[in-house]
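Everything on this sheet refers to the single structure shown next.
The values are calculated or read from the model by the stated rules, or taken from the named source; none is laboratory data. Please read all numbers here as calculations on a predicted model, not as lab measurements. Here Cβ is always computed from backbone atoms with ideal geometry, including for glycine, and neighbour counts include all displayed protein chains.
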Amino acid sequence: MTHRVVFLERDSVKATVRRPRFEHTWTEYPSTRPDQIVERLQDATIALINKSQLREAVLAQLPTLKMIGVAATGYDCVDVAACRARGIAVANIRHYAVHTVPEHAFALILALRRNLLAYRRDVEAGVWNTATNFCFLTHDINDLHGSTLGIVGEGAIGQATAAIARGFGMRVLFADHAPPKADGVDYTPFEQVLAEADVLSLHCPLTPATRNLIGLEQMRAMKRTALLINTARGGLVDEAALIRALDEGLIGGAGFDVLTTEPPRDGHPLLDVRRPNFILTPHVAWASNEAMQFLADQLIDNVEAWADARPQHLVT
């Protein structure tokens, strides 16, 4: 059988993507609008996507589709139940971001704990030029050593984040949650993690149960000096509540790499937050060169394994 492989979002993967070893035709597009999906996947047997939405209404118009390779760990863009009913295999990427995301999380944590943005702003404003001492101490600086990191999500990325934290001499608490849970992890009640964490870092998937997991009530329960870090999914945090919490000083600061709507073409409230204790980066925590190549290689590995009747990393 000659498979027809269609990559809808080639520009989302800045790496070399090798062609599958089995017999196939290959079509790729830099990006794909929602209204182009059905047309471009007509007669495709394998679809490679990143964030393109493949819901029941779309899948119903793609009778030849047999396999979806998601170029990401998160697969909430795919109607998994509809795929299961139609016999469509869905595979995602595993463990590619175990270094890049934790490192980005700690870049945010360190910048906020040491007030780097505020100091950089002051230097640019000429404050150092007029200082009476060799330095100026206009903003608090706090060590990570001896502080507490609360982690929501004990998967590979959460565990890697914990390893870095322990290297800094931090105490690590994993927040308890409903099953499924990873084995061999000591869990702490969620409310206790909120109360004790100096830094709360989110590393869980976005599901109906985790949407708006962190709202105003949860931020009120945190220390007023605590940092909220989100390098997972934008929908995990009530963004309006976050802005209010920052404005009212309910938390010490926040570092985000994700928004509920990406890209924010018509603006977004968090884009307008201009304060040194808030950092927003454009969903790039996952995107180191090394991680991107790992992802690209595994994307094709998943497709080849499925075509060879030895599927791996299936989510259906």
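Restricting region 112-152 to residues that are part of a loop (DSSP other than H, G, I, E, B) and among the aliphatic types (A, V, I, L, M), which is nearest to Ala162 (Cα to Cα)?
Ranking the qualifying residues of region 112-152, first place goes to Leu144.
Since His177 meets every condition but one in (1) under 23 Å from the mean Cα position of the chain (by Cα); (2) surrounded by fewer than 19 Cβ atoms within 10 Å (Cβ to Cβ); (3) in a helix (DSSP H, G or I); (4) not charged (D, E, K, R), which condition does it not meet?
(3)
Report yes if Ile49 is within 20 Å of Trp286 (Cα to Cα), of a type outside the set (Ser, Thr, Tyr), in contact with a strand residue (DSSP E or B) (Cβ under 9 Å, 6 or more places away or on another chain) and buried (at least 20 other Cβ atoms within 10 Å of the Cβ), otherwise no.
Details: within 20 Å of Trp286 (Cα to Cα): yes; of a type outside the set (Ser, Thr, Tyr): yes; in contact with a strand residue (DSSP E or B) (Cβ under 9 Å, 6 or more places away or on another chain): yes; buried (at least 20 other Cβ atoms within 10 Å of the Cβ): yes.
Judged against the criteria, Ile49 is a match.
State whether the residues of region 187-196 include one that is modelled with pLDDT of 95 or more and either outside the structural domain of Arg275 (by TED's automatic domain parsing) or part of a strand (DSSP E or B) (or both).
So the first thing to find is which residues in region 187-196 are modelled with pLDDT of 95 or more, and the list is 187-196.
Now drop any that are not either outside the structural domain of Arg275 (by TED's automatic domain parsing) or part of a strand (DSSP E or B) (or both), which leaves 187-188.
Yes, region 187-196 contains a residue that is modelled with pLDDT of 95 or more and either outside the structural domain of Arg275 (by TED's automatic domain parsing) or part of a strand (DSSP E or B) (or both).
Looking at Glu39, Glu28, can you tell me which residue is over 30 Å from Asp198 (Cα atoms), over 25 Å from the mean Cα position of the chain (by Cα), modelled with pLDDT of 95 or more and surrounded by fewer than 18 Cβ atoms within 10 Å (Cβ to Cβ)?
Glu39
Residues checked against (1) surrounded by 15 or more Cβ atoms within 10 Å (Cβ to Cβ); (2) of a type in the set (A, V, I, L, M, F, W, C):
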{"site": "Arg244", "(1), (2)": "no, no"}
{"site": "His268", "(1), (2)": "yes, no"}
{"site": "Pro282", "(1), (2)": "no, no"}
{"site": "Leu295", "(1), (2)": "yes, yes"}
{"site": "Asp301", "(1), (2)": "yes, no"}
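Please pick out the residue among Thr64, Thr100 that is surrounded by 13 or more Cβ atoms within 10 Å (Cβ to Cβ) and in contact (Cβ under 8 Å) with a residue 60 or more places away in the chain.
On the way: Thr64 fails: surrounded by 13 or more Cβ atoms within 10 Å (Cβ to Cβ).
Among Thr64, Thr100, only Thr100 is surrounded by 13 or more Cβ atoms within 10 Å (Cβ to Cβ) and in contact (Cβ under 8 Å) with a residue 60 or more places away in the chain.
Run down Gly69, Gly153, Gly87 and say which single residue is among the small types (Gly, Ala, Ser), farther than 30 Å from Val38 by Cα and either touching a Phe, Trp or Tyr at 6+ places or on another chain (Cβ under 9 Å) or free of Cβ contacts under 8 Å to residues at least 40 places away in the same chain (or both).
Numbers: Gly69 fails: farther than 30 Å from Val38 by Cα; Gly87 fails: farther than 30 Å from Val38 by Cα.
Testing whether each residue is among the small types (Gly, Ala, Ser), farther than 30 Å from Val38 by Cα and either touching a Phe, Trp or Tyr at 6+ places or on another chain (Cβ under 9 Å) or free of Cβ contacts under 8 Å to residues at least 40 places away in the same chain (or both) leaves just Gly153.
Considering only region 59-70, I want to know if a residue exists there that is assigned to a helix (DSSP H, G or I) and of a type outside the set (Val, Ile, Thr).
yes
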